[in-house]
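The values are calculated or read from the model by the stated rules, or taken from the named source; none is laboratory data. Quantities reported herein were computed from a predicted structural model and do not represent experimental measurements. With ideal geometry, Cβ positions are generated from the backbone for all residues, glycine too; neighbour counts draw on all protein chains shown. Just the protein is used for accessible areas: all its heavy atoms, side chains included, with ligands, DNA and RNA removed. Shrake-Rupley method; radii C 1.70, N 1.55, O 1.52, S 1.80 Å.
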Amino acid sequence: MEFYEPPSQVPAGVKTANMPAVDKLWLQKIQTVDLATGQLEMHFPETPASSIETAYNPDPSTYWKTDYQYYDQHSLQELSVTHQYGRFKGASVADKIMRMNYDIHVGAIGGLAGKTIAFFASLFAASLPVTGFLIWWGRRKKSKKNGQPAPAERTRTKAKELVRP
């Protein structure tokens with residue numbers, strides 16, 4: 001089975017006059033981005049007042065480099081946004097770091113080495129409750145070599161002696 005790729009230009013004979021705005025925008029975007037290496041998403045407007053969102057990611061192995069653009073669904077004019085998910089080239093350093101949140105947590109930022117580090121860090125964090133319990137359980141069962149009770153047991157017996165009249 002062969003993977004379907006959309007055409008990179010408007011096929012001959014296609015009339016865009018009566019075409020929905022989303023389709024016009026799709027045809028416009030596939031001519032300006034490289035679909036061979038990146039991914040293009042289009043998000044349809046939910047209400048008559050909503051905008052059309054396009055998201056082009058040049059590196060599909062991560063998410064933080066995605067370039068988000070918003071268009072008016074009636075005029076297809078690009079809309080500017082004030083949040084971190086806008087144009088990549090217009091994002092500040094702080095916005096880029098916030099965008100990296102997911103990629104850092106799954107280790108995608110560092111490629112295979114980053115994923116390996118994230119795996120061992122999560123494995124270590126998952127082992128902490130188990131090893132903590134084993135250490136606690138081991139201390140409860142220990143006793144001194146010369147027949148004296150363990151420090152925790154000595155404290156309990158001294159406390160009992162103090163309470164007795």
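Backbone geometry of segment 64-80 corresponds, through the Karplus equation with coefficients 6.51, -1.76 and 1.60 at θ = phi - 60°, to 3J(HN,Hα) couplings of 5, 8, 5, 9, 9, 10, 10, 10, 5, 6, 9, 9, 6, 7, 5, 9, 8 Hz, x marking Gly and Pro. 3J(HN,Hα) along segment 85-97: 9, x, 5, 5, 5, x, 7, 7, 4, 4, 5, 5, 5 Hz, from the Karplus curve 6.51 cos²θ - 1.76 cosθ + 1.60 with θ = phi - 60°, whole Hz, x for Gly and Pro.
Placing unit charges on C-beta atoms (Lys and Arg positive, Asp and Glu negative, everything else neutral), compute the dipole magnitude of segment 24-85 about its Cα centre in debye, rounded to 20. Intermediate results must be reported in sequence, preceding the final value.
Working: 3 positive and 8 negative charges, 18 e Å.
Approximately 80 debye in magnitude.
Kindly report the accessible area of segment 41-126 per residue (heavy atoms of protein chains, probe 1.4 Å, no ligands, DNA or RNA), in Å². Each step should come with its number before you reach the end.
Working: 5670 Å² over 86 residues.
Spelled out: the 1.4 Å probe surface of segment 41-126, per residue, equals 66 Å².
How much net charge surrounds residue 69 when only other residues with a Cβ under 13 Å from its Cβ are counted (Lys, Arg +1; Asp, Glu -1)? Every neighbour counted, the sum reads -2.
When the listed pairs 24/115; 115/141; 65/115; 115/142 are checked against a 29 Å cut-off, the alpha-carbon distance exceeds it for 24/115; 115/141; 115/142.
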